[in-house]
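This report refers to the structure that appears directly beneath it.
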Amino acid sequence: MRYLRIALVSSALLATMLLVGCAKDAAKEVVGTWNMSGKVGAMQSAGGTTPTQTLVIKSDKTFTMGEDAKKGGNGTWSVSGKKLSLQFENIGGMSIAEYKDMMKKLMSGFADLAKSMAKSVAGAKGAPSDMDAKMAEGMKVLDNIEKPIVMDLSDDFKSAKPDTTTGMLEGITDTNNGSMTKVSS
């Protein structure tokens, strides 16, 4: 009986060690080059386009989005379980505060211009009906820009979708929030 208990305990310990040893290291799995599309890929784009951006996640816990930090953005990243957090430090060569201020002015001016053009061109009483909603969502992202973009990683760590319950994209309801796909390690 004693040997049976020792064998069972030993088997349980061995199984636990094997399971722990086989678990993927999320921090190692996310390092590499990713393509970002939709809302998460359009962070630095003007207008209504949703281009694909390249995101390079480095092993030193930093990332670069776009061609380089001057044209795209850069910052630090962390991972907890299946949640990847991307915290911007600079966007378009500007600090977050400078970028936020510039974009708010630009978006405000764009909204005024678009409303004016809609009235004059179409004889309408205002901008297209969804413009105010789109501008409000854009302003919501800017209001949260100091927060990280939080992504829900897939089980195989090869794709991710934005978490809109927290972080920079909190409360965003646009159906094109986007995704990330890993293209190389």
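The single condition from (1) more than 17 Å from the chain's Cα centre (by Cα); (2) open to solvent by less than 40 Å² (accessible area, probe 1.4 Å); (3) modelled with pLDDT of 90 or more; (4) not acidic (Asp, Glu) that Ser59 fails is (2). Residues that are more than 17 Å from Gly66 (Cβ to Cβ) and either open to solvent by less than 30 Å² (accessible area, probe 1.4 Å) or in contact with a strand residue (DSSP E or B) (Cβ under 6 Å, 6 or more places away or on another chain) (or both) within region 84-106 comprise Leu84, Ser85, listed in sequence order.
The values are calculated or read from the model by the stated rules, or taken from the named source; none is laboratory data. Predicted, not measured: the structure shown is a model, and the values here were computed from it. Positions of Cβ are generated from backbone atoms using ideal geometry, with glycine treated the same way; all protein chains shown enter the neighbour counts. Heads up: the accessible areas ignore ligands, DNA and RNA and are worked out on the full protein's heavy atoms, side chains in. Shrake-Rupley method; radii C 1.70, N 1.55, O 1.52, S 1.80 Å.
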